[in-house]
Amino acid sequence: MNLFDDIRSTVLDALDAMGRDGALPPGLDVSAVTVEPPRDAAHGDMATNAAMVLAKPAGKKPREIAEALAIRLSDDPRIDTAEVAGPGFLNLRLAPAVWQGLVVQILSEGAEYGRSALGKGKRVNIEFVSANPTGPMHVGHTRGAVFGDALANVLSLAGYEVTREYYINDGGAQVDVLARSVYLRYLEAHGHDVAFADGTYPGDYLIDVGQALRDLVGDAYVDQPEDVWLAPVREFATDAMLTLIRADLAALGVRMDSFFSEKSLYGTGRIEAALDALRSKGLLYEGVLEPPKGKLPDDWEEREQTLFRSTAHGDDLDRPVMKSDGSWTYFAPDIAYHYDKITRGFDLLIDVLGADHGGYVKRMKAAVAALSDGRVPLEVKLMQLVKLTRGGEPVKMSKRAGTFVTLRDVVDQVGPDVTRFVMLTRKNDAPLDFDFDKVLEQSKENPVFYVQYAHARVCSVLRKAADMGVDVADAALAGQDLAAICHPAELSVIRKLAEWPRTVEIAAQTGEPHRIAFYLYDLASDLHALWNRGNDQTELRFLQEDDVSRTAAKIALPRAVAVVISAGLAILGVTPMEEMR
RNA sequence: GCACCCGUAGCUCAGCUGGAUAGAGCGCUGCCCUCCGAAGGCAGAGGCCAGGGGUUCGAAUCCCUUCGGGUGCGCCA
């Protein structure tokens, strides 16, 4: 249950009644009517724009409608005051009992408080990470992994049935390069001197793989031509890399529901089937592309190729699906993969990609629109770069020098909780600064710590209360009279708690989990502020000296805050700390 | 040349998908621990929301345009 939705339906009922008795024309479209927290808390608890939205279609002045609406709403026992303000806003103030009831609700529902029916009955597939299986995951993948996982969590709480999926790019030339590189390490394991030419992966992480291969097959592939060993070594190597990647993901706390192999699309007719589906819609043809305007590629020559008419669905150019040597471009298996997702019956597809894939979005959307006849939307979330620094100095990365920073480097140094939280404090399409020193700092400048500290503080107070003899179980706290929680400073914290369900919905609708992180920071801030007011005003302290029942009531609020912080951190995939010492 | 993303306080960034006087952290100035965790809090200063048009009751938010930055642009994924 969402308090804002609740009051909104009360407002809609009132408008409906006004339509019946002639105060408004009947049958007005009320879809644009909102009930939201006002920007300035001094305006009240909630504000509705109903009068302004309806003024024109009703042919009445906004304030006139607002005043009539105010009179009706004042009859509701939950609404203390309804005041017309500004250009026609109606500001509502709710009875303290409503807010106290919300605390009870939070304590009763626990982590379920905030669950929404927004995505009820809808299945969504989120494809993320999808790093090539050619090596360990690096920082760039880390951000995508954390984002995708948190997005999955948000959508799940918002009622969607979520599948987390990893697309294994094991069908292209890069896995042959991997196989050749492993083969070199294999020879090395047999005591040969090897040289890593350009176009091979020299990383140390393949040494173990080469040795494991030697242990498995002995010298069977030594001095053998490539066509003998390439396929089996490729298989062996990609398996090893996938094991590595799964372990990396596990270190971050990310678990996939599904791994989908690109290779499984080749030689099985699945790519052909997907392209046939396009052909049957008249969207595949043989043609010649115009050279790009501006700077012409050096080796440009006109050539006829098989093209997908993506321009029919909003792309700027038609896109080739077949190379001149007759093999598929990367786009062809991607079409087949998305076709597969569509046929699996998802209602929504989300791809989490690096920002360098931005040019690919329109064609993929076009393909999905064509293949699903516009039924299944594809949303693409582009991840901007992570700028790694240490003490303000950029961390230099070079693949050749072997100094590129891996996911493991980050997680080992700062831990999964900090890694995840920090990576979610920025919008996906904004670059992210990640400073190894700053993220471990324990001050309010560091949002991870600040939020964790708020949670730990509440746990500390609860421990103290328990020492006083208070039953601090949620059910016990929820079962009592909370009339003692009535100070404006307390009610304003509850108001923040009331925003949690709509924050979840907004984050889910926009696909922006960072909103959760910012909400938690604000909530933590409200708690810290209330805590400190207890220094001067003893009636605001959570622990009321020598008064067990009053303490039990007071403690319910910070506990409710902790419940929401904990639920929010769960979305981000961060463990709430019970103490920070 | 074209497409996509971005431009908000000195710095790093939010801004509830069109609402009221645009917010937070850092930094700067001044305060608050005989008192539940000061790893915190309070107060002050700081803005042409890149510029210009438009849409309407109302624009940082939507549309057009200019400028500035990033990413990409047929046989790499």
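Worth a mention:
- Per-region count, the range A:217-230, residues of a type outside the set (D, E, K, R), free of Cβ contacts under 8 Å to residues at least 40 places away in the same chain and in a helix (DSSP H, G or I): 2
- Residue in the range A:444-457 that is in a helix (DSSP H, G or I), over 25 Å from the mean Cα position of the chain (by Cα), near RNA strand B (Cβ under 8 Å from one of its atoms) and not aliphatic (A, V, I, L, M) present: yes
- A residue that is among the acidic types (Asp, Glu), under 30 Å from A:Pro513 (Cα atoms) and more than 24 Å from the chain's Cα centre (by Cα) can be found somewhere in the range A:305-327.
- Residue match in the range A:44-66 (condition: near RNA strand B (Cβ under 9 Å from one of its atoms), without any contact (Cβ under 8 Å) to a residue 12 or more places away in the chain and either open to solvent by less than 10 Å² (accessible area, probe 1.4 Å) or of a type outside the set (A, V, I, L, M, F, W, C) (or both)): yes
- Number of the exception - A:Asp373 against (1) within 30 Å of A:His313 (Cα to Cα); (2) more than 19 Å from the chain's Cα centre (by Cα); (3) outside any loop (DSSP other than H, G, I, E, B); (4) of a type outside the set (A, V, I, L, M, F, W, C): (3)
- The listed residues are A:Val493, A:Val461, and the only one of them that is β-branched (Val, Ile, Thr), in the same structural domain as A:Asp536 (by TED's automatic domain parsing), touching a residue at least 12 places away in the same chain (Cβ under 8 Å) and within 10 Å of RNA strand B (Cβ to nearest atom) turns out to be A:Val461.
- Looking across the range A:83-119, just one residue is out of contact with any Asp or Glu (no Cβ under 8 Å at 6 or more places or on another chain), charged (D, E, K, R) and within 13 Å of RNA strand B (Cβ to nearest atom), and that is A:Glu83.
- Looking across the range A:120-148 at every residue that is open to solvent by 10 Å² or more (accessible area, probe 1.4 Å) and more than 16 Å from RNA strand B (Cβ to nearest atom), the one that is farthest from the chain's Cα centre (by Cα) is identified as A:Pro136.
- Some residue of the range A:553-565 being within 7 Å of RNA strand B (Cβ to nearest atom), open to solvent by less than 40 Å² (accessible area, probe 1.4 Å) and in contact with a Gly (Cβ under 7 Å, 6 or more places away or on another chain): no
The values are calculated or read from the model by the stated rules, or taken from the named source; none is laboratory data. In this text, all values refer to a predicted model and were calculated from it rather than measured experimentally. We place every Cβ from the backbone using ideal geometry, glycine too, and count neighbours over all the protein chains shown. Areas reflect the complete protein model, heavy atoms only, side chains present, ligands, DNA and RNA absent. Shrake-Rupley method; radii C 1.70, N 1.55, O 1.52, S 1.80 Å.
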